[in-house]
Every structure is written in structure tokens, then in C-alpha cells.
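K.L.:
One structure, as C-alpha cells, below. Some questions next.
The values are calculated or read from the model by the stated rules, or taken from the named source; none is laboratory data. All values derive from a computational prediction rather than experimental measurement. Note that each Cβ is placed from the backbone with ideal geometry, even for glycine, and that neighbours are counted across all protein chains shown.
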Amino acid sequence: MLDTRTDTREGLAPELQTSDWINTLEPITLASLLGKVVVIHSFQMLCPGCVQVGIPQAQKIYDEFDPEKVAVIGLHTVFEHHSVMGKEALEVFVHEYRLRFPIGIDKYGDHDKGLPLTMSAYQMQGTPTLILIDKAGKLRLHKFGHISDLTLGHSIGTLLSERIVSTEPPAGSQTNTALCDENGCKI
């Protein structure tokens, strides 16, 4: 289920497009989370599958994994029943369900028309949708519907064990380009 391709130049996850945030003082960007595995749980508070399975699973991940290594983000992606799922209702929902992970509110390009921008960027089919992004910012899993806790835990563990492949030389190391001139390159 996990996409194991390692090319980090292609397949970067689209940036989140949010109108507001809950449970965080500052807006969160995926760029700010490079170096961490990112778990995005897209939900609607009136979606039975989200409330019964997806949201509790996201809270478990948030509670169980080291926040220095795994970032959990909720994304409230409303594509129906707009009038009853605004920010104020979401704040009450988050309080009642005691959700502690940051939650972004998916933004609309043309208010209340069409699909929210992040939902469109990720080509989501609906909610719940689970997205895993590796430490290099590459989209590695995109799943509509429920994924088992065991499979998800394994996928997160796999991403945590991967090293970020850097094209930059280690700090303080001498590169071969310093030994090159018009006559060639020395070993």
C-alpha cells in the first residue's frame, strides 16, 4: 500500500491551502515539517466514518508517536452541508471530542462553490482520506476510506526508518569539484 519509490524530486505533496487553524497558534505548512513524517487526516464532522474511525485513529497516532518525528494534521474538508459545518461548529466539535492535534480548515477558491482547494489539489474522492508524506515531503500514501491501525502503524514505521537522501555534500567535506580544472578531475 505504501508507495516505495525513492525519487524525491517528483511527487512532492501539494501545500495545504487553509482558511484557518484550530489547536495551533501559527498556520502550518508542509515545508515547515520537512524532516518529519506527516499524517494528514481529511474529515468532515458530519461524516460517520470520520467520526467513528478516522478521527479516533488520528488522535491515537498523535498520542502515540513522537511529535518531533511524526506530525499529525487534521484537515476539515467540507464539500457538503456547508451551512452547519463552519468554524464555530468545528471548534465546538473539537472541544467535545477532545481533539488535540492541529486542524486546518480547507479553503475555497470561490466561497462555498465546488470542492475545497486542498481536496482538489490531492484529488480526494471524499472523507475520510488519509495521506502520508515522507520526511523529504513526498506523497507516499493517499487512501480514501479506512485503513487498519496495524497497516497504518507499519507504514509510518517504514517512513520513519528511511533516510533522507541529500544531494548536498556533508558539512565540512571537500567536494571533487574543488579538485577539478580544465585538465580533468583528480581522485
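K.L.:
May I ask you to list the residues in segment 55-86 that are modelled with pLDDT of 85 or more and either on the phi > 0 side of the Ramachandran plot or assigned to a helix (DSSP H, G or I) (or both)?
P.N.:
Keep residues of segment 55-86 that are modelled with pLDDT of 85 or more, which gives 55-77.
Scanning segment 55-86 gives ILE55, PRO56, GLN57, ALA58, GLN59, LYS60, ILE61, TYR62, ASP63, GLU64.
K.L.:
Let me ask something additional. Going through segment 23-71 one residue at a time, which ones are more than 15 Å from the chain's Cα centre (by Cα) and either β-branched (Val, Ile, Thr) or farther than 27 Å from GLU88 by Cβ (or both)? Please lay out each step first, then the result.
P.N.:
Residues of segment 23-71 more than 15 Å from the chain's Cα centre (by Cα): 23-26, 44-53, 56, 60, 63-64, 66.
Hits for segment 23-71 are THR24, VAL51, VAL53, GLU64, ASP66.
K.L.:
Considering only residues that are buried (at least 21 other Cβ atoms within 10 Å of the Cβ) and part of a helix (DSSP H, G or I), which ones fall in segment 43-54?
P.N.:
Residues satisfying the conditions are CYS50, GLY54.
K.L.:
Now, a different point. Starting from segment 55-68, keep only residues that are free of Cβ contacts under 8 Å to residues at least 24 places away in the same chain and under 15 Å from VAL37 (Cβ atoms), then list their pairs with residues that are surrounded by fewer than 21 Cβ atoms within 10 Å (Cβ to Cβ) and among the small types (Gly, Ala, Ser) whose Cβ atoms are within a distance under 9 Å, requiring at least 6 positions of separation or different chains.
P.N.:
Close Cβ pairs (under 9 Å, with a partner that is surrounded by fewer than 21 Cβ atoms within 10 Å (Cβ to Cβ) and among the small types (Gly, Ala, Ser)) amount to GLU64/GLY153.
K.L.:
Right, next: Looking at segment 94-136, which of its residues are of a type in the set (A, V, I, L, M, F, W, C), within 24 Å of LYS36 (Cβ to Cβ) and either in a strand (DSSP E or B) or without any contact (Cβ under 8 Å) to a residue 60 or more places away in the chain (or both)? Step through it out loud before you land on a result.
P.N.:
Step one: filter segment 94-136 for residues of a type in the set (A, V, I, L, M, F, W, C), giving 94, 99, 101, 103, 105, 115, 117, 119, 121, 124, 130-133, 136.
Still in the list and also within 24 Å of LYS36 (Cβ to Cβ): 94, 99, 101, 103, 105, 117, 119, 121, 124, 130-133, 136.
Correct list: ILE103, ILE105, LEU130, ILE131, LEU132, ILE133.
K.L.:
Sort out which residues of segment 114-145 are more than 14 Å from the chain's Cα centre (by Cα), over 16 Å from ALA13 (Cα atoms) and not hydrophobic (A, V, I, L, M, F, W, C), and write them in order of number.
P.N.:
GLY114, PRO116, GLN125, GLY126, THR127, GLY145
K.L.:
Taking segment 17-42 only, how many residues are assigned to a helix (DSSP H, G or I) and surrounded by 14 or more Cβ atoms within 10 Å (Cβ to Cβ)?
P.N.:
1
K.L.:
Moving to a separate point now. Could you tell me which numbered condition THR77 fails, if it satisfies all but one of (1) polar (S, T, N, Q); (2) surrounded by fewer than 21 Cβ atoms within 10 Å (Cβ to Cβ); (3) touching a helix residue (DSSP H, G or I) at 6+ places or on another chain (Cβ under 8 Å)?
P.N.:
Here THR77 clears every test but (2).
K.L.:
Report whether or not LEU12 is surrounded by 14 or more Cβ atoms within 10 Å (Cβ to Cβ), more than 17 Å from THR129 (Cβ to Cβ), modelled with pLDDT of 95 or more and of a type in the set (A, V, I, L, M). Don't jump to the end; show me each part of the working.
P.N.:
Working: surrounded by 14 or more Cβ atoms within 10 Å (Cβ to Cβ): yes; more than 17 Å from THR129 (Cβ to Cβ): yes; modelled with pLDDT of 95 or more: no; of a type in the set (A, V, I, L, M): yes.
Taking the combined requirement at face value, the residue does not satisfy it.
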